[in-house]
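As structure tokens, the structure follows; a few thoughts come after it.
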Amino acid sequence: MATQINCDTGFVGLRHIKKTFNPGSVNEVVLFTDFNLEIPKNQFVAVVGSNGSGKTTMLNLLCGSVPADSGEITIGGRDIMRLKEHQRSKFIGRVFQDPSKGTCPELTILENMALADNKGLSYGLSRGVNKKRVDYYRSRLELLRLGLEDKIHLPVASLSGGQRQALALLICTMTPLDLLILDEHTAALDPRSSETVMELTDRLVKEKNLTTLMVTHNLKYAIGYGDRLIMLHRGGIVLDVSGENKSALHTKDLTDKFNEISIEDGN
């Protein structure tokens, strides 16, 4: 299978990124030496790769939770390298593997949605819960097809993992985003909940035309969802397919690529 690398200028860009962990120590790990990735606006990119390939670090670099040693990171032509993580969160949404990270468990579904609705505004929750918005919140919850619209006053802690993750995804996309990051967001769920969350993901991404970067270990989801698939290995892109080439992929194509990499590494 041919490797295709898209180097056209994108809406999201990581260019000439260098990242070393624990530099100068016996635990030094050089992950990225000259990493480049361009993502066009509204593209849904699935990312796969073995442990240690750089998937999570790439997401952390974009979100600002890990700084790059050098290089350039842009979104919509804007250099965001100097922005702190909380500043980037105004236009980057991230859904984590752990369902508890995307919501406030002690608050009700209504209060969680009100907080998300007022993201970036200065007033507090007491003013943020606008009774005129309750019907809107219910209509958004109906999208989940989980019956949560009838449980709007329940604390989020009482929900199942799948329900919480679906709610976290909905909350994350309530306000305008330049980039949606999905960080193994179905990995902690049972198969049925995973399917529900992925179907919801696909609907929301298409409805809002979101530029999306999804890291997953689920090869079926990587093939079945999104416009493009990339595979990382040791800090580099070893596979980049989109369009008809991606549609023609099978799980075996990816497992064969993983096996090929493993043999090249002497494993």
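The values are calculated or read from the model by the stated rules, or taken from the named source; none is laboratory data. Only a predicted model underlies this, so the values are computations on that prediction, with no experimental measurement involved. Ideal geometry is used to build each Cβ from the backbone, glycine not excepted, and the neighbour counts take in all protein chains shown. Calculation scope for accessible area: heavy atoms of the full protein, side chains included, ligands and nucleic acids excluded. Shrake-Rupley method; radii C 1.70, N 1.55, O 1.52, S 1.80 Å.
How high is the relative contact order of the chain, in percent, counting Cα pairs under 8 Å that sit 6 or more residues apart?
Working: 467 pairs, mean separation 69.7, N = 267.
Averaging sequence separation for qualifying contacts and normalising by length gives 26 percent for the chain.
What is the percent of Cα-Cα separations in the chain that go past 34 Å?
Details: 7529 of 35511 pairs.
Summing the P(r) tail past 34 Å for the chain gives 21 percent.
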### Query
How much accessible surface area, in Å² rounded to 10, belongs to the heavy atoms of Met81 with a 1.4 Å probe?
60 Å²
## Note on the structure
Dipole check, the stretch 72-217, charges on Cβ (K,R +1; D,E -1), about Cα centroid: among Ala188, His86, Val156 the Cα furthest to the positive pole belongs to His86
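Please work out the FRET efficiency for the pair Asp256 and Ala187, using the Cβ-Cβ distance as r and a Förster radius of 22 Å; give the result to the nearest 0.05. Don't skip to the end; give the middle numbers.
Numbers: r = 23 Å, r/R0 = 1.04.
Result of the calculation: an efficiency of 0.45.
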#### Entry: Heavy atoms of Ser100 accessible to a 1.4 Å probe, total area in Å² rounded to 10
50 Å²
## Note on the structure
Summing -39500 (n - 2.57) over every DSSP H run of at least 4 in the chain, dividing by its residue total and rounding to the nearest 500, the 222 nm mean residue ellipticity is -9500 deg cm²/dmol
### Query
Mind checking the dipole of the stretch 150-267: about its Cα centre, +1 per Lys or Arg Cβ, -1 per Asp or Glu Cβ, Debye to the nearest 20?
320 debye
